[in-house]
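Working notes, beginning with the structure itself.
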Amino acid sequence: MPERPRKAQGSTGPAHGRAGLDCGHLKFFLELARTDSLSRAALRLGVDRNTVARRVAALEGDLGLALFDRAPQGWVRT
């Protein structure tokens, strides 16, 4: 049986340290980044604005960093 290729130690491939990342959250992040508005992002995605906020917050939690600053005028990318 052939040997499987080994990753170099310290390798940082796309899945490195991201085993719990839900890639489904990315479409919510991208639409919010494009529109800068929860309401517009929700309308374009066909979901409630709370769903957009929740999914982006979940992505931020998965990554361990803030992707947006929440301001009274809207969400601003960091």
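Taking region 30-78, which residues are in contact (Cβ under 8 Å) with a residue 24 or more places away in the chain, acidic (Asp, Glu) and part of a helix (DSSP H, G or I)?
Once the filter is applied, which keeps residues that are in contact (Cβ under 8 Å) with a residue 24 or more places away in the chain, acidic (Asp, Glu) and part of a helix (DSSP H, G or I), region 30-78 yields only 62.
Output the residues belonging to region 12-53 that are acidic (Asp, Glu), closer than 16 Å to residue 76 by Cβ and modelled with pLDDT of 95 or more.
31
The values are calculated or read from the model by the stated rules, or taken from the named source; none is laboratory data. If you're wondering where the values come from, they're calculated on a predicted model, not measured in any experiment. Positions of Cβ are generated from backbone atoms using ideal geometry, with glycine treated the same way; all protein chains shown enter the neighbour counts.
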